[in-house]
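The values are calculated or read from the model by the stated rules, or taken from the named source; none is laboratory data. Note that the structure is predicted; figures quoted are calculated from it, not measured. Every residue, glycine as well, gets a Cβ built from its backbone with ideal geometry; the counts of neighbours run over all protein chains shown.
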Amino acid sequence: MTHKILVSDKLSEDGLAVFTNAGFEVDHLPEITQDEIKECIGEYSAWVIRSRSRATADIIENATKLQVIGRAGVGIDNVDTVAATQRGIIVMNTPGGNTTSTAEHTISMLLSLARKIPQAYISMTEGKWDKKSFMGVEVYGKTLGVMGLGRIGQEVVRRMKSFGMQVLGYDPFIPDDRMRQLGVESCTVDEICERADFITVHTPLSPETKDLINAARLSKMKKTVRIVNCARGGIINEDDLLVALKSGQIAGAALDVFMSEPIPADSDFRKLPNVVVTPHIAASTVEAQENVAIEVANQIVDVLKGGVVRNALNAVSVDPELLPVVGPWMDLADKMGAFLTQFRAGKAVKLTCRYSGPQLDISTSAITTAAVQGFVRPIAEGPVNFVNARQIVRDRGVEIIETHHSEVYQYENLCTVEVEYEDGSLAYISGTMFTSKHPRIVILNDKHIDAVPEGTLIVLENNDVPGIIGRVGTALGANNINIGQMTWGRTDEGTAMTVINVDGAVDDGIIEKLTELPDIKWVKLVRLS
Ligand code: NAD
């Protein structure tokens, strides 16, 4: 199937070429309106946006073929991720592509603020030669406080260390060891506010970081402090910042981002002499635009060609290096989940994936997601995929648990999917990988078997007496159904479970006939892809 890609914002030629080289059809429509997108989105498998287009719930509702929304850039404030997740659409961004540009802009802003370069330039354009009004400060030897030490924060630190600045850092998710390696002193937000001469924020905007710098914190700062925000509007409370700038509580601010963009033509931020503003251009360099365009296109091509999902914000990403190991287990887990749902009906309350063995001593969340996806696919309406499977299952009140065990079982590597039902009963299935790539179902409830998880399977329980296999074989043969493989496991109670891989169409009539045979207790049909 050829995929069609909609690019509804401006994208570089090299980015577009990634799609065409992969054999996909691209519509590059940088002027298209929201209403027009809503009309045509049903034709597309992937949709690329920057910051102009908005992926809203009403458009997503019409996106019947859409598999992925790719944002060339970082912020996804213009994507309704909840709506996309519900429809099983991957949302991805390109977080690395504009790191250098944004770090360089942050530093340009900081130095502009320290040396009043924009103000001096305006005065020059007015015909003046005013040397007195633009007394600046050095950054050498000063203390820089960095809040958020991710990609951009760290690049800013590296560069500002070479200017001779002392760096204080706040990031609850970066270990102190890493801070030390970067030459950063780990501090609280309040310590930074009290000690820093310059402060720059590089966190995402979240409920935790909204108003991270507010009136109370501004009041603790030195009167000489200069603040930079090239991250997201709202991390610094804008009203509180204006008050501090007007009253002289702080010396200045440089802002590239705002709560609501564009800011009004008469915004005080445009007028204050101690403020430097730019219109959200930190990532606007030739290199960054090129990087994000190529990055988003490559990521989308990988998804549509069935490869690895990278930088997804609503799906489990799989480390490409681990894919050769994880991939076959994901496939097996998906089939085990689908097997259990068809094998045992009932209101599930808990789905547990247990892992043991050296091959599975890795991050197994993608394998668990695959098991959940297989489990819910046969019983869900609408598309089920890697993006929405966990959500659908949770919405049905099923808890998802993942555990790792160090005990050695009969099989070196073992993955078990266990489902607990409302009445407290359990059903479980275990699988392993023979010679690393041949999947087998080896345990079904309390029976040890050796079944190939493929195609159509007939599962039956029978009294462990002679003649059963012959009778079942005859009944299937009479209906033109060929037995591909057969496996059975016995219990001490005199029963056996038989799993038969069959070729040919099996309908409910045949299952009924098998059920009526002597010594057969029950028969189930399981279809695996
Ligand atoms: P990143 O994910 O690499 O880094 C973010 C860092 O913030 C992480 O280290 C994380 O641990 C930290 N963090 C998260 N919550 C925190 C909290 N409550 N307190 C302190 N730290 C917290 O992201 P990045 O690529 O470095 O981007 C940083 C910011 O820059 C983002 O807000 C991004 O949207 C913005 N950005 C702006 C532009 C622009 O054009 N102005 C361009 C690119 C990125």
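Among the candidates Ala333, Ala348, Ala371, Ala366, which residue alone is surrounded by 21 or more Cβ atoms within 10 Å (Cβ to Cβ), more than 16 Å from Ala451 (Cα to Cα) and touching a residue at least 60 places away in the same chain (Cβ under 8 Å)?
Just one listed residue meets the conditions, Ala348.
Given the criteria under 26 Å from the mean Cα position of the chain (by Cα), surrounded by 15 or more Cβ atoms within 10 Å (Cβ to Cβ) and not charged (D, E, K, R), does Gly148 qualify?
yes
How about the range 356-366: which of its residues are closer than 27 Å to Glu422 by Cα and either modelled with pLDDT of 95 or more or in a helix (DSSP H, G or I) (or both)?
If the condition is that a residue be closer than 27 Å to Glu422 by Cα and either modelled with pLDDT of 95 or more or in a helix (DSSP H, G or I) (or both), then Ser365, Ala366 are the ones that fit.
Identify all residues within the range 257-273 that are over 30 Å from Gly15 (Cα atoms) and either crowded, with 17+ Cβ neighbours inside 10 Å or near the ligand (Cβ under 10 Å from one of its atoms) (or both); write none if there are none.
Listed by number, the residues that qualify are Ile263, Phe269.
Does Ala333 satisfy the criteria of being assigned by TED's automatic domain parsing to the domain that holds Leu360, touching a Lys or Arg at 6+ places or on another chain (Cβ under 8 Å) and more than 15 Å from the ligand (Cβ to nearest atom)?
Considered against the rule, which asks whether it is assigned by TED's automatic domain parsing to the domain that holds Leu360, touching a Lys or Arg at 6+ places or on another chain (Cβ under 8 Å) and more than 15 Å from the ligand (Cβ to nearest atom), Ala333 comes out as no.
Looking only at residues in the range 47-106 that are acidic (Asp, Glu) and more than 22 Å from Gly234 (Cα to Cα), which one is nearest to the ligand (Cβ to nearest atom)?
Among those that are acidic (Asp, Glu) and more than 22 Å from Gly234 (Cα to Cα), it is Asp58.
Quick one: what pairs do we get from the range 107-118, first residue farther than 13 Å from Asn274 by Cβ, second in a helix (DSSP H, G or I) and modelled with pLDDT of 95 or more, C-beta under 7 Å, 6+ apart or different chains?
Ile107/Val156; Ile107/Arg159; Ile107/Met160
Pick from Glu138, Glu155: which is in contact (Cβ under 8 Å) with a residue 12 or more places away in the chain, charged (D, E, K, R) and within 14 Å of the ligand (Cβ to nearest atom)?
Going through Glu138, Glu155 in turn, just one is in contact (Cβ under 8 Å) with a residue 12 or more places away in the chain, charged (D, E, K, R) and within 14 Å of the ligand (Cβ to nearest atom): Glu155.
Give the residue that is farthest from the chain's Cα centre (by Cα), with candidates limited to residues of the range 274-292 that are within 16 Å of the ligand (Cβ to nearest atom) and in a loop (DSSP other than H, G, I, E, B).
Selected residue: Thr278.
Residues of the range 416-454 being of a type in the set (Gly, Ala, Ser) and either in the same structural domain as Gly489 (by TED's automatic domain parsing) or in a strand (DSSP E or B) (or both), which ones?
Ala427, Ser430, Gly431, Ala451
Name the pairs whose Cβ atoms lie under 8 Å apart, with the first residue in the range 453-474 and without any contact (Cβ under 8 Å) to a residue 12 or more places away in the chain, the second of a type in the set (A, V, I, L, M, F, W, C) and surrounded by fewer than 21 Cβ atoms within 10 Å (Cβ to Cβ), and 6 or more positions between them or separate chains?
Taking only residues 6 or more apart or on different chains, the pairs are Gly473/Ile483.
Out of everything in the range 158-178 that is within 11 Å of the ligand (Cβ to nearest atom) and among the hydrophobic types (A, V, I, L, M, F, W, C), what residue ends up being nearest to Gly234 (Cα to Cα)?
Top of the filtered list is Phe173.
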